[in-house]
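Trainee: Let me begin by handing over the structure; questions about it come next.
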Amino acid sequence: MSDSASHNPLRTGLEEAQVAQPCTLVIFGGGGDLSRRKLLPAIYNQVIDGALPANFAVLGVAREELDDASYREFAREGIERFSRQSLDPRHWPDFERVLHFEQGAFDDADTYARLKKRLEEIEPAFGIPGNRVFYLAIPPALIETCVQHLNAAGLVQPVGVDVPFSRIIVEKPIGRDLQSARQVNNILGSNFDESQIFRIDHYLGKETVQNILAMRFGNSIFEPLWNAKHIDHVQITVAEEEGVGTRAGYYDRAGALRDMVQNHILQLLTLIAMEPPWAMKADVIRDHRQDVLNCMRPITPDTIDSSVVRAQYGPGFHHGEDVPGYRRESGVAQDSTTETYVALKVYVDNWRWAGVPFYIRTGKRMPKRVSEIAVYFKSVPPILFNADADHPLEPNVLALNIQPNEGLSLRIATKLPGPKVRIYPVKMDFRYGSTFGDQSPEAYERLLLDVMAGDATLFMRRDTVEASWMFIEDILESWGSSHTRWLPEYSAGTWGPLEADRLIESKRRKWRLL
Ligand code: BG6
């Protein structure tokens, strides 16, 4: 491991990560966009950082007409464009020799027979003891076919001591509602043991998201205040500048609630709200996250209007250019009622959080790309510096900046220098970039390594996926029964509809200006 990887100060005090084991990474959909933009660059960065085992190979499987040589070119192009560290010609020859490609259709048994043969050639050549990680970078509709063929071809090893491992990685979306999520989980569960299944939520792999636990439980000053007695409310914002882009086929059937809240944002919420885990062990952490989901107050038809706002972007501006509204985007139905923005007020009904609202907002075509969790502490009593009811003091806010300006800041009241007593809010700031220098590793880098090490801490367990859907499904059902033909609109390049401001506006609360 390189120095920067082994001396990450954020890891001090945490249990040492398990080590990535020699294996072949088989990427179904290896010729697709996820591979080109994320997976192959992630692998390349790990090689550069010396984090991967020496005995390692990649086998891409896809319909595209590629062979080993053209797959290496495909990888090179992706790495040149998307890698965190630029392509180093000195490393390239060593790197590209691990890349292989097998062309085939996912519903054809022959593909899996050839895949098996390829693995039996690659493994001895690279000294790999038969360990295999299958990455399903494929449309959800193909998961069942792929998993069943893998098993039928004898490519799935049962779990056992001293036998090579088989692990499978699946991407979101896991289903589009509770029932379909259960179906996917049943298919996975009847072919793999739960300990072999790694469901990716790439937000959990982000360095700043992992830092939530370090911040909460590595410092003594936060935990005593981390409860309903001292916290007024929490805001979670995940704003994107981009519109739907080329993904209308998927997105128009999903919408912001399914696409962002069901997975990424609920996971952020569980990390903020969970009880202190007693060990850095996968199932301990996951049990504690699960407890939060179990305590979430269901949103019912009676509370939906006061708890959820959805909206769609209309025409507006992006970097000074005119951009079309959602319904004019290519591939979107002209009468689509899919929400591109959603804001929610949710509660975690347990002793720690009783009565504390968590406000969530996420949307496409917002003024900027920013993800942040802001914890608003209660105001000081209305005496001394806070005695003027017309000019109350700004409360303390701890803001965790997930991206792009990674770090955290604490807003505190200070006295303005001078003879008069005037209070002014200032910010204490920590930025990853200026403190640690290097760019943080991409989420996929960390997550791939964890799968190779068999560490499931940052992955979604079956019960997590299903509990999240249960919460979301109540909202979907209320929406379904209201037969909306119209959604509030917000202009592209703005912070969402007025209705969302009303959702938060009580007790002087308002959305943070980002
Ligand atoms: C994906 C969603 O899961 O996350 C996309 O499907 C969204 O719609 C993306 O754009 C955001 O990820 P990130 O890492 O860019 O914040």
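The values are calculated or read from the model by the stated rules, or taken from the named source; none is laboratory data. Just so it is clear, the structure is predicted and the values come from calculations on it, not from any experiment. Positions of Cβ are generated from backbone atoms using ideal geometry, with glycine treated the same way; all protein chains shown enter the neighbour counts. In case anyone asks, the SASA skips ligands and DNA or RNA and just uses the protein heavy atoms, side chains included. Shrake-Rupley method; radii C 1.70, N 1.55, O 1.52, S 1.80 Å.
Trainee: Between residue 145 and residue 219, 0.36 nm times their residue separation minus their Cα-Cα distance comes to what?
Mentor: Computed gain between residue 145 and residue 219 is 21.9 nm.
Trainee: Quick one: work out the % antiparallel among DSSP beta bridges in the chain, nearest 5.
Mentor: For the chain, the DSSP antiparallel bridge percentage is about 55.
Trainee: What residues have an amide H closer than 5 Å to that of residue 354, excluding those fewer than 5 places away on the same chain, when H is modeled at 1.01 Å from N in the peptide plane?
Mentor: 228
Trainee: So, one more: Just to make sure I understand: if all protein chains stay in place, what is the order of 295, 23 by accessible area at 1.4 Å, largest first?
Mentor: 295, 23
Trainee: Determine the shape class of segment 9-171: with a ≥ b ≥ c the square roots of the Cα gyration tensor eigenvalues, call it rounded for a/c under 1.5, and otherwise prolate if a/b is greater than b/c, oblate otherwise.
Mentor: oblate
Trainee: Got a number for the accessible area of residue 319? Probe 1.4 Å, square angstrom, nearest 10.
Mentor: Surface accessible to solvent at residue 319 totals approximately 150 Å².
Trainee: Provide the per-residue ³J(HN,Hα) series for segment 154-169, in order, calculated from phi with Karplus coefficients 6.51, -1.76, 1.60 and θ = phi - 60°, each as a whole number of Hz, with x at glycine and proline positions.
Mentor: Each residue's phi maps through the Karplus curve to give x, 8, 9, 7, x, 6, x, 7, 6, 10, x, 8, 10, 10, 10, 10 Hz.
Trainee: How much accessible surface area, in Å² rounded to 10, belongs to the heavy atoms of residue 424 with a 1.4 Å probe?
Mentor: 120
Trainee: What are the ³J(HN,Hα) values, in whole Hz, obtained from phi via the Karplus relation 6.51 cos²θ - 1.76 cosθ + 1.60 with θ = phi - 60°, for each residue of segment 31-45 in sequence order, with x given for Gly and Pro?
Mentor: Each residue of segment 31-45 in turn: x, x, 5, 4, 5, 5, 7, 10, 6, 5, x, 4, 5, 4, 4 Hz.
Trainee: Using only Cα atoms, tell me the angle between helix 282-295 and the longest principal axis of the chain; keep it within 0 to 90° and round to the nearest 10.
Mentor: 40
Trainee: What whole-number value in cubic angstrom gives the convex hull volume per residue for the C-alpha atoms of segment 302-382?
Mentor: Convex hull of Cα atoms, per residue: 173 Å³.
Trainee: Here's something else I'd like to know. Whole number in Å², please: accessible area per residue of the chain, 1.4 Å probe, ligands, DNA and RNA not counted.
Mentor: 46
Trainee: Out of every Cα-Cα pair in the chain, what percent are more than 32 Å apart?
Mentor: 47
Trainee: For the pair residue 120/residue 63, report the inter-label distance in nm, with labels modelled 7 Å from Cα in the Cβ direction.
Mentor: Simple spin-label model gives 2.9 nm for this pair.
Trainee: Report the full-extension gain for the segment residue 337 to residue 159: residue separation times 0.36 nm, less the Cα-Cα distance, to one decimal in nm.
Mentor: 59.5 nm
Trainee: Mind checking the angle between helix 443-453 and the chain's longest principal axis? C-alpha axes, 0 to 90 degrees, to the nearest 10.
Mentor: Once rounded, one gets 50 degrees.
Trainee: In degrees between 0 and 90, to the nearest 10, how far off the longest principal axis of the chain does helix 462-482 point, with axes built from Cα atoms?
Mentor: Helix 462-482 and the main axis of the chain meet at about 60 degrees.
Trainee: Would you mind telling me the share, in percent, of accessible area of segment 9-171 contributed by carbon and sulfur at probe 1.4 angstrom?
Mentor: Taking all protein chains in place, segment 9-171 shows 49 percent carbon and sulfur surface.
Trainee: Something else: Run the 1.4 Å probe and let me know the accessible area of residue 368, rounded to the nearest 10 Å².
Mentor: Residue 368 has an accessible surface of roughly 80 Å² with all protein chains in place.
Trainee: If packing is taken as the average number of other Cβ atoms within 10 Å across a peptide's residues, how do 163-169, 387-393, 262-268 rank, most packed first?
Mentor: Highest to lowest by the protection proxy: 262-268, 163-169, 387-393.
Trainee: Provide the gained length on full extension for the span residue 80 to residue 317, in nm with one decimal, where the gain is 0.36 nm per separating residue minus the Cα-Cα distance.
Mentor: 82.3 nm
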